[in-house]
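Computed from the coordinates by the stated procedures, all read-outs in this text should not be read as laboratory data. Fair warning: this is a prediction, and the values are worked out from it, not measured in the lab. With ideal geometry, Cβ positions are generated from the backbone for all residues, glycine too; neighbour counts draw on all protein chains shown.
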Amino acid sequence: MNIPSKVKIGGKIFDVGLANLTSVNGDKIYGGQSAVFRHWIKIQCDVPESQREETFLHEIIELIGDMNDLKLNHTQISTLSNCLYQVICDNKNIFEGER
Ligand SMILES: [Zn+2]
C-alpha cells in the first residue's frame, strides 16, 4: 500500500502525514490521530510498515464514522480496520483496473 500525502474522504481532502506522535504525558502513540474538521490524519512513523498501513485504514474508518454519525465504538473501528487490512493484503490486485 502507498500511504498518500492526501486522501479524499466523503468529498473532502485530508492531509496525511507521518510523525513521531506522543501523548500529552510524552508516551509514544502507536497508532494515529485524525481531525475531522481540520482535515488531517497523522500516523506514527516509528512502527513497522504494516502497522502504519493498518493505522491509515483505522483513521479513515474513524473519520467516516464521525462524518456520518455512525457512533462506532473503538473496538468496532479496530476490528473493521484489522479485517479490511487483511482482506486487502490477502487479495492482491482486487482494486486494480479501470474505474
Ligand atoms: Zn482510533
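Regarding the range 48-60, can at least one residue be identified that is within 12 Å of the ligand (Cβ to nearest atom), under 18 Å from P4 (Cβ atoms) and in contact (Cβ under 8 Å) with a residue 40 or more places away in the chain? Taking every residue of the range 48-60 in turn, at least one turns out to be within 12 Å of the ligand (Cβ to nearest atom), under 18 Å from P4 (Cβ atoms) and in contact (Cβ under 8 Å) with a residue 40 or more places away in the chain.
When I41 is tested against (1) touching a Ser or Thr at 6+ places or on another chain (Cβ under 6 Å); (2) more than 14 Å from the ligand (Cβ to nearest atom), just one condition goes unmet, and that condition is (2). Restricting the first member to the range 87-98 and to residues that are touching a residue at least 60 places away in the same chain (Cβ under 8 Å), and the second to residues that are surrounded by 10 or more Cβ atoms within 10 Å (Cβ to Cβ) and charged (D, E, K, R), the beta-carbon pairs closer than 9 Å and six or more apart or on different chains are I88/E53. Every condition in (1) under 11 Å from the mean Cα position of the chain (by Cα); (2) hydroxyl-bearing (S, T, Y); (3) away from the ligand (no atom under 16 Å from the Cβ) is met by Y85 except one, and the failing one is (3).
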